[in-house]
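Data block below; observations after.
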């Protein structure tokens, strides 16, 4: 694809995931030099990216961000240029954007975002890593101007907004992906394929947590702009929806939450902040009215501080079928059952946090590392060497798709059939998350059903 035109990209958001800079210094998580910015700088080095820009709330942070990027990326990897255009300029502050962060004004698109997007051209791309409630207005504004969009998860907080982005992306013929990077984890994608041979869905259980220190990093929006279910459970809800695509549909969500840590000392989050949120979801088989499944998705940001991992994350899947399975695990195009009448069970266990690779030092104790997500150590030649990490790949796939559409060799709708996390392929993830929030707020079960071509909540 070397003959494809370079893609100009605007990065919305300057925080941990984009730059590794948190405002008070480099992140203490496993993303000390970020993911988005680093990937963009490397893709520019490889000739896929043209101009790069970054938009944030406070221009006064850019000198520290630039120094951080120079010291930890430009001076570490060979031939890596970390330059970018900035909005707003150094020492300038967008008051409307600051008010957005302080009060989480739902659905607000700042003048700063508009200014940065207005300087772009149709066929350019925007990558959105901002507070959850801003994803929809920023993405819609860009899509309506013919700009391709990659949105961090959750895509939107409301199912109605997700549906609107699906319609807008189709109308304006642009690529819109959600950055569900776990779809590109080779363990997850292999497990997804193997699950297809286990028959009807029976049970799924997922756990994901981060240490209490994240409440300090996210205090500005924790419990106000969004919750831990949107922030973390979006990962494994999407994986479950992906596994069950064309096999089963969610029908009902009931949510429960634990509280008391985030709102106390020393975190002092707003009173409505939940510590841990669990969603119980009923699933109905598409092919068999007799088969129903249950899924439990739990997320917490109050895990212990010294667990040796930044994100604890694992999931369990169980399927069942009647008959004796053939030896061919991937024979999905033929009937894999013999009419023996036996009930067969199969399950899958995935521990994403402990990959059999750990390091122990006196000062910090034992730490489990996951270079399969993002490999930060340089290659033997001194260049960045993380191109095979699924965190990198999930962003590169979006860049490649946008360039292919710009060149006229693909249509945005083509990627819906590739298993990619397109805005159309991820609608049920948002439906479950939105239903969970309603269930917590209104203390009731929330139904999910399809009305015409759209999914709605009851």
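Computed extension length for residue 296-residue 5: 100.3 nm, one decimal, from 0.36 nm per residue of separation with the Cα-Cα distance subtracted. Full extension of the chain between residue 349 and residue 119 gives 78.1 nm of extra length, using 0.36 nm per residue less the Cα-Cα distance. The modelled label-to-label distance between residue 144 and residue 216, using points 7 Å beyond Cα along the C-beta direction, is 4.1 nm.
Maximal additional length on extending the residue 51-residue 407 stretch stands at 126.4 nm, based on 0.36 nm per residue less the C-alpha distance. Taken as Cα centroids, the range 352-412 and the range 435-458 sit 35 Å apart, rounded to the nearest whole angstrom. Compared with the dominant principal axis of the Cα atoms in the chain, helix 36-45 is inclined by about 70°. Between residue 289 and residue 171, the FRET efficiency from the beta-carbon distance, with R0 = 51 Å, is close to 0.90. Projected label points at residue 251 and residue 314, each 7 Å from Cα along the beta carbon direction, are separated by 3.1 nanometres. Take the Cα of residue 387, step 7 Å toward its Cβ, do the same at residue 75, and the gap between the two points is 2.7 nm. In terms of its C-alpha gyration tensor, the range 115-179 comes out oblate, because a/c is 1.5 or above while a/b does not outweigh b/c. Ordered by the count of other Cβ atoms within 10 Å of each Cβ, fewest first, 181, 291 give 291, 181.
For the range 176-311, taking Cα atoms only, Rg and Dmax work out to 16.7, 51 Å respectively.
Provide the FRET efficiency to the nearest 0.05 for the residue 360-residue 83 pair, computing r from the beta carbons and using R0 = 41 Å. So, using R0 = 41 Å, E works out to roughly 0.60. Given a cut-off of 37 Å, what percent of all Cα-Cα pairs of the chain lie beyond it? Tail of P(r) above 37 Å: 24 percent of Cα pairs. In the chain, the longest principal axis of the Cα atoms and the axis of helix 186-195 are about 20 degrees apart. Tell me, what is the FRET efficiency for residue 190 and residue 380 to the nearest 0.05, using R0 = 25 angstrom and their Cβ-Cβ distance as r? Computed FRET efficiency for residue 190 and residue 380 comes out at 0.30. Our helix-only sum for the chain, with -39,500 (n - 2.57) per DSSP H run of n ≥ 4 divided by its residues, gives a mean residue ellipticity at 222 nm of -7500 deg cm²/dmol. On a 0 to 90 degree scale, rounded to 10, what angle separates helix 390-406 from the longest Cα axis of the chain? That helix lies at roughly 80 degrees to the long axis.
Only the coordinates and a few stated rules stand behind these numbers; no lab work does. This is a predicted model, so every value here is computed, not measured. When we count neighbours, we look across all protein chains shown, and the Cβ atoms used for this are built from the backbone with ideal geometry, even at glycine.
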